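The values are calculated or read from the model by the stated rules, or taken from the named source; none is laboratory data. All of these numbers come straight from a predicted model, not from anything done at the bench. Quick reminder, even Gly has a Cβ in these numbers, built from the backbone with ideal geometry, and neighbours come from all protein chains shown. Heads up: the accessible areas ignore ligands, DNA and RNA and are worked out on the full protein's heavy atoms, side chains in. Shrake-Rupley method; radii C 1.70, N 1.55, O 1.52, S 1.80 Å.
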Amino acid sequence: MELALSDARGHSLDLKGIGHAFGATVALDEIDLSVAAGELIALLGPSGCGKTTMLQIIAGFLRPSRGEVRFDGARVEHIPANRRRIGMVFQNYALFPHLSVFENVAYGLRARKRPGAEVTTKVEQMLGLAQMASFAHRLPGELSGGQQQRVALARALAIDPGLVLLDEPFSALDKNLRLDMQIEIKSLLKTFGVTSIIVTHDQEEALSMADRIVVLNKGRIEQIDNPDALYDRPASLFISSFIGHTNLLRGTVTETDRVLLDSGPEIDLGRSVQRRRGTPVTISVRPENIAFGAAEQPGAIPVTIRATVPLGAVSVTEGVTASGEAVKISQARAAGIAKAQAGETAWLAISDTSRVSVFSTPIEDVSKHQQRSV
């Protein structure tokens, strides 16, 4: 059965000056966010950063201490959750264990007193889209985790929501199943044309699913960007450290475009670091942007190899600089390439200096980093 996209267009969402406190504890502080209709946004951050509080405010489960929540330009802070045209997918799926798959998906429609024929048609349509039509008469306890997740999403979409909120939807799934489900659910949400917000603490989950990612830290937004920009051009040392893996190396600015690392070599970044000579800085280099080189290569960094770990298609080698900093190198695993042995001295080179980020804040206080990168 084909989906009528015109029946499932998403809301635009605007948060303006949102703040919320639980007693003396500030959970959110001056949050401004605009989400376009049909966009898939991920709220990402460490535990306690405020992402669940933001989700609850958007859903209507919690009224903000201050600020505005707008759907399609209209304020909705005063409107209860059951009147906001929102579909929810909870972490544990929250399926009714005594109801069949069919009745679980039909629940929201029946609560809205839709005619019986309409309910049957809509449920069959949703189960078909979720590839669960053959399981209509089973109970949730007879389903796998992935199947329960499909049913939960079908139930959320059955009411033709303007907004779907997903709270840690993949955390209960085995790792091998997660990627398949992420692709499947992203495809379904995009086909439906519904605006979607997913809350997660999993970087890979956010990077693989979202059009844009909102990174929260201590109740504030650190950066909003698409996955590639967030990874390649982090706005703060916190972002650089939190998104993916990175190597953080201390140094000092020697020229407008050069940094002398504490570990010895001077790195030519090929662009202005926009900081005065003598300024202490931290540079961030992704493991895949470092390769083994030769001692005579300009900017070569000497390290002592600690270990090499095979990780499927890639291998990760860790070395230690003379100044005691750990450096990881990620390389495609190819036949015939000898592994670096523990205790050996090796020379490392930065493959692409344009992808190196420079920060003025110290490594020791990542959680407070607010400086922007070059």
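Within region 120-155, restricting attention to residues that are in a loop (DSSP other than H, G, I, E, B) and over 27 Å from the mean Cα position of the chain (by Cα), the residue that is nearest to L177 (Cα to Cα) is L143.
Cβ separations smaller than 9 Å between residues 6+ apart or across chains give the following pairs from region 313-328 residues that are within 16 Å of T246 (Cβ to Cβ) and part of a strand (DSSP E or B) to residues that are open to solvent by less than 30 Å² (accessible area, probe 1.4 Å) and at pLDDT below 90: T317/A340; G319/A340; T321/S263; V327/S263.
Scanning region 163-184 for residues that are under 23 Å from S47 (Cβ atoms) and charged (D, E, K, R), we see that the one that is surrounded by the most Cβ atoms within 10 Å (Cβ to Cβ) is D167. Against the list (1) under 30 Å from D29 (Cα atoms); (2) more than 13 Å from the chain's Cα centre (by Cα); (3) of a type outside the set (K, R), the condition I183 fails is (1).
The residue that is most open to solvent (accessible area, probe 1.4 Å), counting only those in region 53-106 that are in contact with a strand residue (DSSP E or B) (Cβ under 6 Å, 6 or more places away or on another chain) and hydroxyl-bearing (S, T, Y), is S65.
Within region 283-293, can one find any residue that is among the basic types (K, R) and farther than 18 Å from S354 by Cα? No, region 283-293 has no match at all.
Residues that are of a type outside the set (S, T, Y), open to solvent by less than 80 Å² (accessible area, probe 1.4 Å) and closer than 22 Å to S263 by Cα within region 332-357 comprise A340, A342, G343, A346, L348, A349, I350, D352, V356, listed in sequence order.
The set of residues in region 311-325 being open to solvent by less than 30 Å² (accessible area, probe 1.4 Å) and among the polar types (S, T, N, Q) consists of S315, T317, T321.
Of all residues in region 170-190, those that are among the basic types (K, R) have Cβ atoms under 9 Å from Cβ atoms of residues that are open to solvent by 60 Å² or more (accessible area, probe 1.4 Å), 6 or more apart or on another chain, in R178/E204.
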